[in-house]
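The values are calculated or read from the model by the stated rules, or taken from the named source; none is laboratory data. None of these values were measured; they are calculated from a predicted model. Every residue, glycine as well, gets a Cβ built from its backbone with ideal geometry; the counts of neighbours run over all protein chains shown.
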Amino acid sequence: MGKRRFFNFKLTKKQKRKLFSFLVFCLIFTGIFLLYKHHAKFWLHRIAPESVKPKITFVIDDIGAHNKLKSELAVLKNKVTYAILPLLPYSKYFGNLSETTHAEVILHLPLDTIQDKIPGPGLIVNTMPDEHIRDLLARNLDSVPHHVGANNHFGSSGTADRRVMTIILTEFKKRNLFFLDSYTTPSSVVREIAHKVGAKVLTRGDMKRGVFLDNVDAKTPILQQLQTAKKIAREKGDVIVIGHYRKNTLEILAQEIPRLEQEGFEIISLRDLLKIRKD
């Protein structure tokens with residue numbers, strides 16, 4: 001008596017080809033699914049919740065000479081960082097205003113230039129002795145209440161000078177302050193020296209991670225620069241945008257920051273950016 005067959009049917013060559021194709025398709029689909037699942041878990045694990053939204057940090061330079069735009073600045077609350085020039089009539093005023101608006105404050109530090117310009121009181125020049133630089137830096141910082149860091153005002157010569165930046169950044173390390181290099185020259189040594197002395201640093205980064213908002217003081221060009229900033233933030237994850245204490249700039253930001261937030265951008269301070277970025 002012969003053995004019974006549980007599957008007593010035969011397939012034609014055409015049916016075999018179809019079955020083989022179906023099995024291959026199933027294997028490929030399963031492989032793609034498992035690969036996708038693995039990578040999805042990997043990237044969800046790697047991406048912290050706070051880094052999902054592209055981030056923009058706004059810095060307003062050249063504050064302190066007058067208070068004619070104090071209302072326009074105050075409207076922006078803590079969505080901008082005040083970069084306040086030292087030893088000016090309203091340096092202390094705007095530093096103290098931050099207690100009401102909860103805005104971040106940094107010193108806008110005048111440094112030596114490659115131009116025939118005097119950036120204002122408190123200017124640190126490359127020919128000063130070490131101790132003179134330290135004393136003037138301390139006076140500048142004391143004139144701006146509630147500061148948490150500084151950035152350079154002009155300073156293409158100063159930020160390229162190793163001795164000057166070593167003195168300044170060593171003092172910043174002692175005071176637990178950070179330095180934002182506005183990157184006015186590709187010869188800047190700020191990042192290198194900061195890493196050497198252990199100071200906290202951020203860099204604007206020559207249009208790769210930063211934008212000067214209002215080199216042209218008119219609303220249409222400012223809006224165009226904001227579009228550039230949005231593109232960089234989406235591509236890189238964050239962007240530093242530097243504008244000035246000017247009516248057009250402040251009015252545009254008051255109008256556009258709520259729109260940026262509606263579009264999914266997160267407006268953060270330099271201190272918060274320091275937690276994310278490793279310049």
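Some notes on this structure:
- Being crowded, with 17+ Cβ neighbours inside 10 Å and in a loop (DSSP other than H, G, I, E, B) holds for only one residue in S156, S98, and it is S156.
- Between R204, R246, the distinction of being touching a Ser or Thr at 6+ places or on another chain (Cβ under 6 Å), basic (K, R) and assigned by TED's automatic domain parsing to the domain that holds Y90 belongs to R204 only.
- Scanning region 174-190 for residues that are modelled with pLDDT under 95 and in contact with a His (Cβ under 9 Å, 6 or more places away or on another chain) gives a single hit, S182.
- Candidates R162, R191, filtered to the one that is touching a strand residue (DSSP E or B) at 6+ places or on another chain (Cβ under 8 Å) and assigned by TED's automatic domain parsing to the domain that holds I60: R191
- The set of residues in region 242-265 being in a loop (DSSP other than H, G, I, E, B), touching a residue at least 40 places away in the same chain (Cβ under 8 Å) and surrounded by fewer than 19 Cβ atoms within 10 Å (Cβ to Cβ) consists of R246, G264.
- Meets criteria (touching an Asp or Glu at 6+ places or on another chain (Cβ under 8 Å) and either closer than 21 Å to T113 by Cβ or in contact (Cβ under 8 Å) with a residue 24 or more places away in the chain (or both)) for D161: yes
- Scanning region 153-173 for residues that are modelled with pLDDT under 95 and in contact with a Lys or Arg (Cβ under 8 Å, 6 or more places away or on another chain) gives a single hit, F154.
- The test for being among the hydrophobic types (A, V, I, L, M, F, W, C) and more than 24 Å from I60 (Cβ to Cβ) holds for V197.
- When restricted to residues that are basic (K, R), modelled with pLDDT under 95 and either surrounded by 12 or more Cβ atoms within 10 Å (Cβ to Cβ) or part of a loop (DSSP other than H, G, I, E, B) (or both), region 40-73 contains 1.
- Region 204-219: number of residues that are under 12 Å from T57 (Cα atoms) and at pLDDT below 85: 2
Each row is one residue, and each column tells you yes or no for (1) in a loop (DSSP other than H, G, I, E, B); (2) farther than 14 Å from G243 by Cα; (3) among the aliphatic types (A, V, I, L, M); (4) in contact (Cβ under 8 Å) with a residue 40 or more places away in the chain.
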site	(1), (2), (3), (4)
L169	no, yes, yes, no
F179	no, yes, no, no
V211	no, no, yes, no
N215	yes, no, no, no
A229	no, no, yes, yes
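- Qualifying residue in region 216-231 (condition: more than 22 Å from T159 (Cβ to Cβ), among the aliphatic types (A, V, I, L, M), exposed (fewer than 13 other Cβ atoms within 10 Å of the Cβ) and over 12 Å from the mean Cα position of the chain (by Cα)): yes
- Filtered residue count, region 107-137, keeping only those that are touching a residue at least 12 places away in the same chain (Cβ under 8 Å) and closer than 21 Å to K92 by Cβ: 12
- Of all residues in region 74-95, those satisfying the criterion of being part of a helix (DSSP H, G or I) and not hydroxyl-bearing (S, T, Y) are A74, V75, K77, N78, K79, K92, F94, G95.
- Exclusive hit being under 18 Å from V59 (Cβ atoms) and in the same structural domain as D62 (by TED's automatic domain parsing), set S98, S157: S98
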